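Worksheet: one structure, shown below.
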């Protein structure tokens, strides 16, 4: 039993600027239990994790792990028993080959050589890394690196494994694998897992959910109990999974469903049971989607494209033993004022492609054109292109170049040597546009801003160049739900601005991709599919095969097709899904009534 | 002007080419490189001496399978800095013999002696860089660390924290590629906002570099902090009570390699003294 009693913790304890991060938190985790800890940034969940793993000492309260009190003398034993994996694998891997990194922990424990060898190989096998035993860590994908980090902890044979927001920065498919892994480790190694996350849908299969807010435990219970208290969750900016919301709405419309629906599987089962009762949905042959094999080319506006990419190839580290092909014959276009989504899994080539959009990479002659001008031409005006195409990279908060907000946002106006009054007017306008008050934020230090605010500053900085195109590379990745929602609203407004083309790069069909007029799906350096999102969504299976997540409503609809054949998957919002379901259930009923006379 | 520094900064990179040199015991490689470095220092200005060292380079290139282009690419940056030093060395060479002086103006002169010394200095630095970078091309970091730790083990009796020092070096080297990637990201962020990093005068360039230093250090410190926490969580407490998974083995190939390296380095020094 991992037993924490009345824990409190303050950063800078004892000094005037002490920040109380935890207040009187008590938590018990049984061996082999799967516990999820959810809450916003600043809710105290990471602090709690570090206390439980004896990385920091609580300022109040006591921790006891399987009968061992967490005193300074026992700190190493506690750390062995309670392993911890951090958010970014790059920051926590010590060695440069897989096997050496996994051996690091057992070596520190002073185990005999043979024992280290067995443990390392066992841990690698448990995580399916056997084939990569001697691989270089720098050559692994993000998901593989994360597995190495977990294997490294597993080799120390802990009883409790803490995963500190491991899913924040990775693609949804990888996140699902990780959750499956947590179940697997429990089943095979009897490990208890504490998973810290922002995302509710990940934790529906957990034994217990602990909700934290403001350094306190707000509530805890089974996922069913916690998600039943939807209003309390919303009050602290969290929301139950979409399918739970859907269940709620359907119940309100009189569909017989359990009080809390946790998964689309449960919803499907409930609807199937209902159908059987009413003899609905049996034997009804509804048309299968639209099933048209060819996607109609979305009609581009009758004009010349602003950015035009023709048959572009690119290889990283060309001419070295580390060469890696990134783009193979990519052709695409971006038109004035449109919003384009560039979607794809990891290594699809998205980030490389957009670097050609604003001439960060200069292509050979005849492959990339901006406003009719060949960027590859020797005398191309690259400055003009870069000023016209604003770029906000992934995690832009680590790329802000100045120390205060005002200075950073005015970077481009100052570079253009605009008169101070004009520069000031621009900064004022763009800060307001991203929702930051000019007077309040102008002199603020960037390092003291929150993650979401830093991203706004980065966007304001790009807008200050008064671009014609704005490229946002995974703009909401790594933010908590509140931050995501706020930023999504801001981006929605930007896409509506006349004359501004917006490019949204992402790995899933999420709330942002839905803003796009047109989407490109990339896979292995090629454009695999292209068209309006709604049309693409009809080809759900193909999108899955290309490593892309569907929008959540579409995923649910796809899962419900088993009991409700012909349910459309080209759905973008909960409202649409609800509507489609209600329509489908109603026609099912009518069909059943019509069928009745024929049956007897 | 693609922003791709990692293509040009090769120092600290390991190339998994599985050549016979890659398979040697790390201690052999460290001692071999130490011998060659020593020879590079001790060798006198003599064609024969440097010819032997170049023979060593050729041999290593042949056996290790490292592409020559990759090696040269990594030296570009070194070359441009070295050229400036070379010019100064030649111009300010003290008391050249008047016979071999082509041009003179106050204390500045161009002479055969100056040119010769400049070239020799350039070759020495390039060779030193070649030995160390090649050691890292052919030796995984952890092997290097283990080798160093075993070799310097006796220093523990003098209370030198060998394991800790080696770990610091290993982590510093491991972070080189990550740091390069970080610089790449920051320069891109600058370039995306219209800054041309390969233009402008010296002061202008210095200003641009200054612009990325602050975010670079802030990010590096954050990284270091996470790494420290992660190492702590994995029970790292210095060399105390630590054991090793890997066993270093000295094989016949190691003996052969050492003998060859020894012959080459001693040969270079001796020849340079015999045929100045």
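Computed from the coordinates by the stated procedures, all read-outs in this text should not be read as laboratory data. Computed from a predicted model, the values in this text were never measured in an experiment. Cβ atoms come from the backbone with ideal geometry, glycine included; neighbour counts cover every protein chain shown.
Cα gyration tensor of segment A:124-170, axes a ≥ b ≥ c as square roots of the eigenvalues: rounded (a/c below 1.5), prolate (a/b > b/c) or oblate?
oblate
Report, in deg cm²/dmol and to the nearest 500, the calculated mean residue ellipticity at 222 nm for chain B, where each DSSP H run with n ≥ 4 adds -39500 (n - 2.57) and the sum is divided by the residue count.
Mean residue ellipticity at 222 nm (helix-derived): -23500 deg cm²/dmol.
Let me know the shape class of chain B, please: from the alpha-carbon gyration tensor, a ≥ b ≥ c as square roots of the eigenvalues, rounded when a/c is under 1.5, otherwise prolate if a/b is greater than b/c, or oblate.
Note, shape of chain B comes out oblate.
When you look at the Cβ of every residue in A:84-94, what mean number of other chain Cβ atoms sits within 10 Å?
5
Ignoring everything except DSSP H segments at least 4 long, calculate the 222 nm mean residue ellipticity for chain A; use -39,500 (n - 2.57) per segment, divide by total residues, nearest 500.
-11000 deg cm²/dmol
Specify the inter-centroid distance of segment B:77-123 and segment A:1-70, based on alpha-carbon positions, in whole Å.
66 Å
Calculate the length of the line joining the C-alpha centroid of segment B:155-231 to that of segment A:113-172, in whole Å.
What the calculation gives is 26 Å, centre to centre.
For a quick check: sort B:134, A:535 by the number of other beta carbons within 10 angstrom, fewest at the front.
Listed from fewest to most nearby Cβ atoms, that is A:535, B:134.
From the Cα gyration tensor of segment B:162-238, with a ≥ b ≥ c the square roots of its eigenvalues, which class applies: rounded if a/c is under 1.5, or else prolate if a/b is larger than b/c, or else oblate? Mind showing how you got there, number by number?
Numbers: a/c = 3.54, a/b = 2.57, b/c = 1.38.
Taking the square roots of the gyration eigenvalues as a ≥ b ≥ c, segment B:162-238 is prolate.
Considering every residue in B:178-186, what mean count of other chain Cβ atoms within 10 Å of its Cβ is obtained? Before the final figure, lay out the partial values.
Numbers: counts 3, 0, 0, 2, 2, 0, 0, 6, 5.
What the average comes to for B:178-186 is 2.
Taking neighbour counts of Cβ atoms within 10 Å as a proxy for exposure, in what order, fewest first, do A:369, B:41 appear?
B:41, A:369
For the pair residue A:428 and residue B:217, what calculated FRET efficiency results from E = 1/(1 + (r/R0)^6), where r is the Cβ-Cβ distance and R0 = 30 Å, to the nearest 0.05?
0.45
Once you keep just the Cα pairs under 8 angstrom separated by 6 or more residues, what percentage relative contact order results for chain B?
40 percent
Per residue of B:242-251, how many C-beta atoms from partner chains lie within 10 Å of its own C-beta, taken as a mean?
On the way: counts 7, 11, 4, 15, 7, 2, 0, 0, 0, 0.
Averaged over the peptide's residues, the number is 5.
Using a Förster distance of 25 Å, how high is the FRET efficiency between residue B:73 and residue A:141, based on the Cβ-Cβ distance and rounded to 0.05?
My answer for the efficiency is 0.45.
Tell me the relative contact order for chain A as a rounded percent, counting alpha carbon contacts under 8 Å between residues six or more apart.
Values: 1115 pairs, mean separation 78.8, N = 600.
So the answer I get is 13 percent.
At what distance in angstrom do the alpha carbon centres of segment A:409-486 and segment A:503-550 lie from each other?
Here the answer is 28 Å between Cα centres.
Tell me, B:110, B:21 in order of fewest to most beta-carbon neighbours within 10 Å?
With the sparsest Cβ surroundings first, the list reads B:110, B:21.
Between residue B:152 and residue B:92, what FRET efficiency follows from the Cβ-Cβ distance if R0 is 45 Å, with the result rounded to 0.05?
On the way: r = 39 Å, r/R0 = 0.87.
The computed FRET efficiency comes out at 0.70.
For the protein assembly as shown, give me the percentage of DSSP beta bridges that are antiparallel, rounded to the nearest 5 percent.
If we restrict to bridges inside the protein assembly as shown, about 50 percent are antiparallel.
Would you mind calculating the gained length between residue B:165 and residue B:250 on full extension (0.36 nm times residue separation, minus the Cα-Cα distance), in nm to one decimal?
28.2 nm
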